[in-house]
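Q: The structure under discussion is supplied below as structure tokens; questions concerning it will follow.
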Number of protein chains: 2
Amino acid sequence: MKYSVLTVGDELCIGQVVNTNAAFIANLMSGLGFSVFCHSTIPDEPSIMKSELQRLMDNSEIVIITGGLGPTHDDITKGVLVDFFGGQLVVDTNTLSYLESWFESRDRKITEVGIAQAMIPSKSRALNNRVGTAPGILFEFDNKLILALPGVPAEMRYIVTNEFLPIAKNHFEKFSTEVQQFLTIKTVGIFESSLAELIGGPENFPIGTTLAYLPSAGSVRLRIGAIAASMEKASELIDEMKNTIISKAGKYIIAYGDDSIQSVLGNILKSNGLTVSVAESCTGGMLGAAFTDNSGSSAYFKGGLIAYSNDVKIEQLKVSKATIDTFGAVSEQTAIEMARNISTLFDTDFGLSITGIAGPDGGTTEKPVGTVWIGVADRLSAKAFQYKFGNDRSLNRERAVSKALELLIKKVNEK
Amino acid sequence: MKYSVLTVGDELCIGQVVNTNAAFIANLMSGLGFSVFCHSTIPDEPSIMKSELQRLMDNSEIVIITGGLGPTHDDITKGVLVDFFGGQLVVDTNTLSYLESWFESRDRKITEVGIAQAMIPSKSRALNNRVGTAPGILFEFDNKLILALPGVPAEMRYIVTNEFLPIAKNHFEKFSTEVQQFLTIKTVGIFESSLAELIGGPENFPIGTTLAYLPSAGSVRLRIGAIAASMEKASELIDEMKNTIISKAGKYIIAYGDDSIQSVLGNILKSNGLTVSVAESCTGGMLGAAFTDNSGSSAYFKGGLIAYSNDVKIEQLKVSKATIDTFGAVSEQTAIEMARNISTLFDTDFGLSITGIAGPDGGTTEKPVGTVWIGVADRLSAKAFQYKFGNDRSLNRERAVSKALELLIKKVNEK
């Protein structure tokens, strides 16, 4: 059973906003067992929107539209929907009374644009939005569902999760004849091509399964897909394929499912009662931010020092001035002192440090942009590792964080 | 002149990966003056890909395909392109010799999948990829350009920026009859609907311009669009519209163009010779990461303390234990001490602090999830502001960072 996403908005078309909405919706819909026909992003142009809506409806059972539901003149979605499905805009009384109290609670009287938000196409019904002003708009047509949502991510998420998900689930159970499921396996320390040679081609896979390779900086994820008549059968196929991969490439696997590397590491630290602190220079707090992505991270993450200037490295982090003068701030010796000192200062089992030249400025022949030293300390010893990433500041910072997390996973697993 | 992006990959369709490639390409193409027909994302299915490629070619002068060029069996793009344009796969000798030395520099002999990467459709030509193994593949057909790129963002970016951009620019200059340009204006402190009432409807705009409203957490961006016969004329229209907006809503404007709030703030600090340090609890380093997004931030950002645990707040940041015991770690008093102490410890002109309950756990009736205190200190005084965000951990952390940056902009501008 197929679904599609139609995203409306010039801001996406010109690259001003990254389309995180499509990914969020896709994640939920594939969790239910749906497969995708197309995610389509178009400008705020009614004629393009109409023909695109027709095309997606012709090829999918559910079409989810996001964007263009706001209160200003550039929001075209409602007009197009009335044109497409017939009828006219009418006041939805539930929405109106909710909006009146929404404005009231902000000590304001409902405005004209506020009232316009309560108007929906007469052939649709409203789905509640309790985090903003534009309701979701749902059409049922020919055993298909067409849902229009506001483009603001938090509002879209609220309506999909709380209002639409049960409807979509019910629709799937009523009409679907097959289920699609996925499992992702994260590997590190092996190239995509070598991994493919280890695992072998699709002629060896269980029938009904697929395997995709998703390389990214420093790791390759494998995604198993399975299509079957039921959830149970799909899960069995996935398990079978998973065990094949474990038998052939098990030693490169570090995580299963949607787990991020920081959550895998967090679980290891927590279950062993271990703590960590960080000392960051070029990543400026990103490593700490990664650790604290996980709720419950206070069980193992105590904090850190963002030692961006050398003053802070010397005065707060107690890196010896002689070390920095002799070897430089981006050096094995500085990385080691940073990692060791932070674990001592913060009294943690491990200290992780990052110091590097993120770029675009600051590179030299000897230490070009992309040179990063990462230090790992436990209570007894400390070691640092050098990496040469690339020229992209933001990518260099991301890679440094991933590598630091990987190094600590290795270190903890050695224990 | 229109372009489209066709993204191929199950990982995007099931929401495992957010489509940042489309945004990157869109940003560059609209910079050249192109407008968009459609960004389309489809699964790894040859039949869907073929019909989608046809549809996009029928409606655009340039189609950029990303994904499906890797070395494994799930990569369908080359096969589809040969099917579509005719010919067969042939070795590109330039790419092959580059790949041989690429493997050699890693002390490995080129593998079979390595050689497969050097095969391109006979009717295309290769565009160099110097950060990975899959070259770009360019077809010229009927005065249209069709470009296939690897999906790995760094590789896609390299080929587009270094190899394709001059070709696309040339194509545009040769064939286009109109130019589209944009300018974004960022506002804070006013609702979308109130801003729309201040500025008025499209009947007041210069002919050829459009205005879009892009609300997000705590701010509304306005995007002026202009279509004209030349870049000069488009710029004039944008200036005219910009001046209208300044005259009507100037006091809410904080930035123009693609400038992020951190770069606007960075420029203000730098030009005034001022410095800042941060003390973060629930954001765990994200505020420091935001400051250090900007290259050159060392001129004004010295560093910070990630005081995630109360131990670190008390021992390292010198927040009084009595304050935390009496008022709690998430309180006005703690936020003030954090901001004041970090600016003293790090000897900076300003200290910014964030302490809050990001969620999903840790909320109480009195201090529900989403409660955040942000402290701002200069060398003389400190003040803290309370916010009640929502239930989403990651959104709460992002909003806290944005608010902290906004508060500091206000503070510096008061001086």
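Q: Just checking: which of the strands (runs of 3 or more DSSP E) contained wholly in segment B:328-390 hold 2 or more residues that are free of Cβ contacts under 8 Å to residues at least 60 places away in the same chain?
A: Result: B:371-377, B:382-388.
Q: Scan A:LEU89, A:LEU147 and give me the residue that is within 33 Å of the chain's Cα centre (by Cα), surrounded by 14 or more Cβ atoms within 10 Å (Cβ to Cβ) and away from chain B (no Cβ under 14 Å).
A: A:LEU147
Q: Another one. So which residues in segment B:286-302 are outside any loop (DSSP other than H, G, I, E, B) and either closer than 18 Å to A:GLY362 by Cα or touching a Cys at 6+ places or on another chain (Cβ under 9 Å) (or both)?
A: B:PHE291, B:SER297, B:SER298, B:ALA299, B:PHE301, B:LYS302
Q: If A:ASN94 meets every condition in (1) among the polar types (S, T, N, Q); (2) in contact (Cβ under 8 Å) with a residue 40 or more places away in the chain; (3) more than 10 Å from chain B (Cβ to nearest Cβ) apart from one, which number is that one?
A: Status for A:ASN94: all satisfied but (2).
Q: Moving to a separate point now. Out of everything in segment B:187-229 that is under 19 Å from the mean Cα position of the chain (by Cα) and of a type outside the set (A, V, I, L, M, F, W, C), what residue ends up being modelled with the lowest pLDDT?
A: So, considering only residues that are under 19 Å from the mean Cα position of the chain (by Cα) and of a type outside the set (A, V, I, L, M, F, W, C), the one modelled with the lowest pLDDT is B:GLY218.
Q: Among the residues that make up segment A:266-275, is at least one of them under 30 Å from A:GLY359 (Cβ atoms) and at pLDDT 90 or above?
A: Checked against the condition, which is being under 30 Å from A:GLY359 (Cβ atoms) and at pLDDT 90 or above, segment A:266-275 yields at least one hit.
Q: Could you tell me whether segment A:68-81 includes any residue that is among the aliphatic types (A, V, I, L, M), modelled with pLDDT of 95 or more and more than 29 Å from the chain's Cα centre (by Cα)?
A: Checked segment A:68-81: at least one residue is among the aliphatic types (A, V, I, L, M), modelled with pLDDT of 95 or more and more than 29 Å from the chain's Cα centre (by Cα).
Q: What number of residues within segment A:59-73 are assigned to a loop (DSSP other than H, G, I, E, B) and either at the interface with chain B (Cβ under 8 Å from one of its Cβ atoms) or surrounded by fewer than 24 Cβ atoms within 10 Å (Cβ to Cβ) (or both)?
A: Qualifying residue count, segment A:59-73: 6.
Q: Could you please let me know if A:LEU56 is crowded, with 22+ Cβ neighbours inside 10 Å, part of a helix (DSSP H, G or I), away from every other protein chain (no Cβ under 12 Å) and at pLDDT 95 or above?
A: Considered against the rule, which asks whether it is crowded, with 22+ Cβ neighbours inside 10 Å, part of a helix (DSSP H, G or I), away from every other protein chain (no Cβ under 12 Å) and at pLDDT 95 or above, A:LEU56 comes out as no.
Q: Further question on the same structure: So, of the residues in segment A:370-415 that are of a type in the set (Gly, Ala, Ser) and under 18 Å from A:ARG340 (Cβ atoms), which turns out to be farthest from the other protein chains (Cβ to nearest Cβ)?
A: A:SER381
Q: I've got another one for you. Among the listed residues B:VAL113, B:VAL131, which satisfies the condition of being under 26 Å from A:ASN396 (Cα atoms) and among the β-branched types (Val, Ile, Thr)?
A: Exactly one of B:VAL113, B:VAL131 is under 26 Å from A:ASN396 (Cα atoms) and among the β-branched types (Val, Ile, Thr), namely B:VAL131.
Q: So B:VAL113 ticks every box in (1) of a type in the set (A, V, I, L, M, F, W, C); (2) within 9 Å of chain A (Cβ to nearest Cβ); (3) farther than 24 Å from A:LEU198 by Cβ but one. Which box is left unticked?
A: Condition (3) is where B:VAL113 drops out.
Q: Mind listing just one residue for me: the one in segment B:42-53 that is without any contact (Cβ under 8 Å) to a residue 40 or more places away in the chain and hydrophobic (A, V, I, L, M, F, W, C) and, of those, surrounded by the most Cβ atoms within 10 Å (Cβ to Cβ)?
A: That would be B:ILE42.
Q: Of the residues that sit in segment B:184-194 and are out of contact with any Phe, Trp or Tyr (no Cβ under 7 Å at 6 or more places or on another chain) and crowded, with 20+ Cβ neighbours inside 10 Å, which one is nearest to B:ASN143 (Cα to Cα)?
A: Restricting to residues being out of contact with any Phe, Trp or Tyr (no Cβ under 7 Å at 6 or more places or on another chain) and crowded, with 20+ Cβ neighbours inside 10 Å, the top hit is B:LYS186.
Q: Moving on to the next point. Taking segment B:297-312 as the search range and keeping residues that are within 23 Å of the chain's Cα centre (by Cα) and facing another protein chain (nearest Cβ under 7 Å), which one is nearest to B:SER353 (Cα to Cα)?
A: Applying the filter and picking the extreme gives B:PHE301.
Q: Further question: Would you mind stating whether A:ALA279 is in contact with a Lys or Arg (Cβ under 6 Å, 6 or more places away or on another chain), buried (at least 21 other Cβ atoms within 10 Å of the Cβ), in a strand (DSSP E or B) and within 14 Å of chain B (Cβ to nearest Cβ)?
A: no
Q: Could you check how many residues of segment B:19-28 are touching a helix residue (DSSP H, G or I) at 6+ places or on another chain (Cβ under 7 Å) and facing chain A (nearest Cβ under 8 Å)?
A: The total comes to 6.
Q: Do the conditions hold for A:VAL220, that is, is it facing chain B (nearest Cβ under 8 Å) and in contact with a Leu (Cβ under 6 Å, 6 or more places away or on another chain)?
A: Judged against the criteria, A:VAL220 is not a match.
Q: Only one of these is more than 7 Å from chain A (Cβ to nearest Cβ) and in contact (Cβ under 8 Å) with a residue 60 or more places away in the chain: B:GLY9, B:GLY31. Name it.
A: B:GLY9
Q: Examine segment B:320-339 for a residue that is of a type in the set (Val, Ile, Thr), out of contact with any Lys or Arg (no Cβ under 9 Å at 6 or more places or on another chain) and surrounded by 24 or more Cβ atoms within 10 Å (Cβ to Cβ), and state whether such a residue exists.
A: no
Q: Hey, among the residues in segment B:207-260 that are among the small types (Gly, Ala, Ser) and part of a strand (DSSP E or B), which one's surrounded by the fewest Cβ atoms within 10 Å (Cβ to Cβ)?
A: Among those residues, the one meeting the criterion is B:SER216.
Q: For segment B:1-35, which residues satisfy the criterion of being among the polar types (S, T, N, Q) and in a strand (DSSP E or B)?
A: B:SER4, B:THR7, B:ASN19, B:SER35
The values are calculated or read from the model by the stated rules, or taken from the named source; none is laboratory data. Computed from a prediction, not measured in an experiment: that's the story for all the values here. Cβ sites come from the backbone with ideal geometry, for glycine too, and all protein chains shown count toward neighbours.
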